[in-house]
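Visitor: This is the structure I want to talk about, given as structure tokens.
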Amino acid sequence: MKTREGFVSHSSTTSFTCEVSGDTEPYHDSIGWSEIGACACENGHNMWDRYIIGGWSSIDWTEMIQELADKHDNGDTSSYYEDGEVHPDVIMESRHEGFPAKFCPICQFQVMSENDEYAYLQKLAGVKSKKELLVQVKEQFQSYEEFQAFLKEK
Ligand SMILES: [Zn+2]
């Protein structure tokens, strides 16, 4: 690869996994989440914008900003606005910091993330790790065929 003098590129490719659909998409880290349409709820659930309940536009910024200001700025919302409009940085940061849980399909139990599903089933099985789960399965079944037959049983 030919490199221009004085031109140093530190950018690299990373990926984003949507916890609602389960799909992962690579993206160049020089572009932000807004360009790829990715966001997270306040409980850290990553998802594509289209999964926000009611869509990104249904988020009530006035209410959200008041909540943020109450939490971080003693209720003073002035730094969240610029010329009477919501400051663009506030919108950008909220993609990462998280929109309110009431707009999140995972927080509202409309869908279950793979992480939650796995954690819940692990808890029901009484194991603390994948390793422990494997030990338990190994003890219970003589062969993989037997294990598969069990899974298909009604
Ligand atoms: Zn959530």
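Read-outs throughout are calculated quantities, based only on the coordinates presented, and are distinct from any laboratory measurement. Nothing here was measured: the structure is a model prediction, and the numbers come from that model. All Cβ positions, even for glycine, are placed from backbone atoms using ideal geometry, and neighbour counts span all protein chains on display.
Visitor: Compute the long axis of helix 130-140 from its Cα atoms, compare it with the longest principal axis of the Cα atoms of the chain, and write down the angle in degrees, 0 to 90, nearest 10.
Guide: That helix lies at roughly 20 degrees to the long axis.
Visitor: Find how much the distance from residue 116 to residue 73 grows on full extension, using 0.36 nm per residue of separation minus their present alpha carbon separation; answer in nm with one decimal.
Guide: 12.2 nm
Visitor: Suppose R0 equals 35 Å. What FRET efficiency, 1/(1 + (r/R0)^6) with r the Cβ-Cβ distance, do residue 28 and residue 58 give to the nearest 0.05?
Guide: 0.75
Visitor: A follow-up question, please. May I ask you to order 108-116, 39-47, 142-150 by the average number of other C-beta atoms within 10 Å around their residues, highest value first?
Guide: Ranked from most to least packed, the peptides come out as 39-47, 108-116, 142-150.
Visitor: Return one number: the angle in degrees, 0 to 90 and rounded to the nearest 10, between the long axis of the Cα atoms of helix 114-125 and the longest principal axis of the Cα atoms of the chain.
Guide: Approximately 40 degrees, to the nearest ten.
Visitor: Modelled label-to-label distance, residue 21 and residue 142, 7 Å Cα→beta-carbon offset: nm?
Guide: Using points 7 Å along Cα→Cβ, the separation is 4.6 nm.
Visitor: Based only on Cα atoms, what Rg/Rh ratio does the stretch 31-133 have, Rh being taken as Kirkwood's radius?
Guide: 1.10
Visitor: Something else: Between residue 135 and residue 102, what is the label-to-label distance in nm when each label sits 7 Å out along the Cα-to-Cβ direction?
Guide: It is 4.6 nm.
Visitor: Per the helix-only calculation at 222 nm, which mean residue ellipticity applies to the chain, given -39500 (n - 2.57) for every DSSP H run of n ≥ 4 and division by its residues, nearest 500 deg cm²/dmol?
Guide: -11000 deg cm²/dmol
Visitor: Can you tell me the 0 to 90 degree angle between the C-alpha axis of helix 61-72 and the longest principal axis of the chain, rounded to 10?
Guide: Roughly 80 degrees, rounded to the nearest 10.
Visitor: Let me ask another. Could you work out, for the stretch 45-88, what percent of all Cα-Cα pairs fall into each 10 Å distance bin, beginning at 0 Å and stopping at the bin that holds the largest distance?
Guide: Taking every Cα pair in the stretch 45-88, the percentages come to 25, 43, 30, 2.
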